[in-house]
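The block underneath contains the structure these notes are about, expressed in structure tokens.
The values are calculated or read from the model by the stated rules, or taken from the named source; none is laboratory data. Because the structure is predicted, anything quoted here is derived from the model rather than measured. Heads up, the Cβs are rebuilt from the backbone with ideal geometry, glycines too, and the neighbour counts pull from every protein chain shown. Just so you know, the surface numbers come from the protein's heavy atoms only, side chains and all, with ligands and any DNA or RNA stripped out. Shrake-Rupley method; radii C 1.70, N 1.55, O 1.52, S 1.80 Å.
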Amino acid sequence: MINSQEIKIGTCIRLDNQIFTCIDFQHVKPGKGNTVMRTKLKNVTTGRVLDRTFQVGFKLEDVRIERRPYQYLYQDGGEYIFMNQETFEQAPIAKEAITGVEYMKENDVVEVVTDTTDGTVLFAEMPVKTVLRITHSEPGIKGDTATNATKPATLETGVVVRVPLFINEGELIQVDTRDGSYLQRVKE
């Protein structure tokens, strides 16, 4: 058990028989009344975000988690097969439990979060930045530049992102896996 004022970003708690991870918190001291903790909790299984307010000193059941690197091997139906980098055991993870799955290619290393009490996989996260090759893009015309002009480009994983006009087919770019935004061009 932990007190509500000990909640930080990344803390996992069990609430209503479901596991939530804290994505935002705020310690609030109103003009009158008791101090409260306002939190944004993300349900690990469904991905829904919940706003919850707790009184300071409120007891919560914490979930001990473990973060380990796993390497993506292949896709088998609706599941993705990963290998633990330390024990070399293989584990299937559902597509819905992986953040940034559309930017993942074979041999990518992701961070897998497991519940230490029973060893179940809670979710997997792609690194925030990843480098991918552009497989198809219309050529940019010289002099055809307005401020912040972009064009669609298909990446090697099949996802389409918006890139600046000067980016061409076959180039490597860095992409933010949270929202799919173009970050920069990468030299080989």
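Among residues of region 47-75 that are free of Cβ contacts under 8 Å to residues at least 40 places away in the same chain, those with a beta-carbon under 7 Å from a residue that is of a type outside the set (Asp, Glu) and assigned to a loop (DSSP other than H, G, I, E, B) at least six positions away or on a different chain give the pairs 71/85; 71/107; 72/104; 72/107.
Answer yes or no as to whether residue 39 is assigned to a strand (DSSP E or B) and over 23 Å from residue 104 (Cβ atoms).
On the way: assigned to a strand (DSSP E or B): yes; over 23 Å from residue 104 (Cβ atoms): yes.
Here the answer is yes, as residue 39 does meet what is asked.
Somewhere in region 112-128, is a residue more than 18 Å from residue 20 (Cβ to Cβ) and of a type in the set (S, T, N, Q)? No, the conditions are met nowhere in region 112-128.
Among residues of region 177-188 that are more than 15 Å from residue 152 (Cα to Cα), those with a Cβ under 6 angstrom from a residue that is at pLDDT below 85 and in a loop (DSSP other than H, G, I, E, B), sequence gap 6+ or separate chain, pair up as 177/100.
Looking only at region 165-188, which residues are among the charged types (D, E, K, R) and surrounded by fewer than 13 Cβ atoms within 10 Å (Cβ to Cβ)? First the steps, then the outcome.
Here is the first cut: in region 165-188, the ones among the charged types (D, E, K, R) are 169, 171, 176, 178-179, 185, 187-188.
Once the filter is applied, which keeps residues that are among the charged types (D, E, K, R) and surrounded by fewer than 13 Cβ atoms within 10 Å (Cβ to Cβ), region 165-188 yields 179, 187, 188.
Could you list, in sequence order, all residues of region 123-141 that are part of a strand (DSSP E or B) and more than 14 Å from residue 82 (Cα to Cα)?
Our first condition is that a residue be part of a strand (DSSP E or B); within region 123-141, this holds for 123-125, 129-137.
Once the filter is applied, which keeps residues that are part of a strand (DSSP E or B) and more than 14 Å from residue 82 (Cα to Cα), region 123-141 yields 129, 130, 131, 132, 133, 134, 135, 136, 137.
In summary, residue 28 fulfils each of the numbered conditions (1) of a type in the set (A, V, I, L, M, F, W, C); (2) more than 25 Å from the chain's Cα centre (by Cα); (3) surrounded by 14 or more Cβ atoms within 10 Å (Cβ to Cβ) with the single exception of condition (3). Restricting attention to region 82-99, does a residue exist that is open to solvent by less than 70 Å² (accessible area, probe 1.4 Å) and in contact with a helix residue (DSSP H, G or I) (Cβ under 9 Å, 6 or more places away or on another chain)? Within region 82-99, not a single residue is open to solvent by less than 70 Å² (accessible area, probe 1.4 Å) and in contact with a helix residue (DSSP H, G or I) (Cβ under 9 Å, 6 or more places away or on another chain).
Among the numbered conditions (1) surrounded by 13 or more Cβ atoms within 10 Å (Cβ to Cβ); (2) assigned to a strand (DSSP E or B), the only one that residue 45 does not meet is (2). In contact with a Phe, Trp or Tyr (Cβ under 9 Å, 6 or more places away or on another chain) and either open to solvent by 30 Å² or more (accessible area, probe 1.4 Å) or not small (Gly, Ala, Ser) (or both): is that true of residue 110 in this structure? Yes; evaluated as a whole, the condition is true for this residue.
Among all positions in region 22-37, there is no residue which is touching a Phe, Trp or Tyr at 6+ places or on another chain (Cβ under 8 Å) and either of a type in the set (Lys, Arg) or within 21 Å of residue 120 (Cα to Cα) (or both).
Assigned to a loop (DSSP other than H, G, I, E, B) and among the aromatic types (Phe, Trp, Tyr) - does that describe any residue in region 10-23?
Quick first cut of region 10-23, residues assigned to a loop (DSSP other than H, G, I, E, B) only: 10-11, 16-17.
So of that shortlist, the ones also among the aromatic types (Phe, Trp, Tyr) come out as none.
No, because not a single residue in region 10-23 is assigned to a loop (DSSP other than H, G, I, E, B) and among the aromatic types (Phe, Trp, Tyr).
Residues in region 108-140 that are free of Cβ contacts under 8 Å to residues at least 40 places away in the same chain and hydroxyl-bearing (Ser, Thr, Tyr): 120, 135, 137.
Take the residues in region 53-77 that are among the basic types (Lys, Arg) and either open to solvent by 80 Å² or more (accessible area, probe 1.4 Å) or touching a helix residue (DSSP H, G or I) at 6+ places or on another chain (Cβ under 7 Å) (or both); name whichever of them is nearest to residue 112 (Cα to Cα).
Residue satisfying both the conditions and the ranking: 67.
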